[in-house]
Each structure stands twice: as structure tokens, then as C-alpha cells.
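The values are calculated or read from the model by the stated rules, or taken from the named source; none is laboratory data. This structure is a prediction, so every number in the text was calculated from the model and none was measured. Please note: Cβ atoms are built from the backbone with ideal geometry, for glycine as well, and neighbour counts cover all protein chains shown. Calculation scope for accessible area: heavy atoms of the full protein, side chains included, ligands and nucleic acids excluded. Shrake-Rupley method; radii C 1.70, N 1.55, O 1.52, S 1.80 Å.
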Amino acid sequence: MIKINRVHHIAIICSDYEVSKHFYTQILGFKILAEVYRTERQSYKLDLAVGGQYQIELFSFPDPAKRPSRPEAAGLRHLAFEVDNIVDAIAAVVKHNVVVESIRIDEFTGKRFTFFADPDGLPIEFYEK
């Protein structure tokens, strides 16, 4: 059996690189590890640190296909980020005009969580520690 250690990275393709770069770095606060422009692919690749542990790769490509997310489509459902305090996390993104759903309670863990979307409609979850 294969031994998988952890998730290495998550790749996201965005439709507007500058808007998504701003969202992930300035609103969510992820640190830029590396940024390159690949001329042959007309694409940026932005490596982001999440809590110093994981990495998101943000890609731009000319005219990417739209991602179906509602109603729920097969495939990746959402990204979930653990936060210490959900109310504080919501306040931090709402001040940037991000629309956040009402806080819900996980029926199995009793923990609080909520959803919002990135600039391309990718569902993102805050899940309280």
C-alpha cells in the first residue's frame, strides 16, 4: 500500500489573475512563495503558503472554461480552511465586500463553519478549530 503523507498542494485556475491574486494574498492573507510567468503557456503560476504548511498554486490561462459549482457538480466540492475564530475570520473578509453565508454548526463535531466564494465562484469554507 502507498504511504501518503499529506496534501502537497492545491491547484486553482482563475479567470482574472490580478483579481484572484489580490483575493488570495490581500483578503485571505496567503504569503507569496514564488511567482513566474510562463510565456509559452501565456500563464502565470503563483505559489502561495497557507499557514506555513500547505501550498496553493494559482494559475492563469487565456479563456479558461467556467467551473460549474451550483447546483453541486461532480469533482472538487470546496476548499476548507481552519480558523481559530470564525467570527473574526468572517469580519476580515466581509470588510472586503466578500459575501459570506450564515454560520452553521457541523452536526457531527459541533464546530462552526461557513461558506463564501473566491472571485471565480470556487466555494471556500472557514471551519472553526
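Residues of the range 77-100 that are open to solvent by 100 Å² or more (accessible area, probe 1.4 Å) and assigned to a loop (DSSP other than H, G, I, E, B): 77, 84, 95, 97, 99. Of the set (1) touching a residue at least 60 places away in the same chain (Cβ under 8 Å); (2) closer than 30 Å to residue 5 by Cβ; (3) in contact with a Pro (Cβ under 6 Å, 6 or more places away or on another chain), all apply to residue 28 but (3). Can you spot a residue in the range 15-36 that is surrounded by fewer than 13 Cβ atoms within 10 Å (Cβ to Cβ) and of a type in the set (S, T, N, Q)? Yes, the range 15-36 contains at least one residue that is surrounded by fewer than 13 Cβ atoms within 10 Å (Cβ to Cβ) and of a type in the set (S, T, N, Q).
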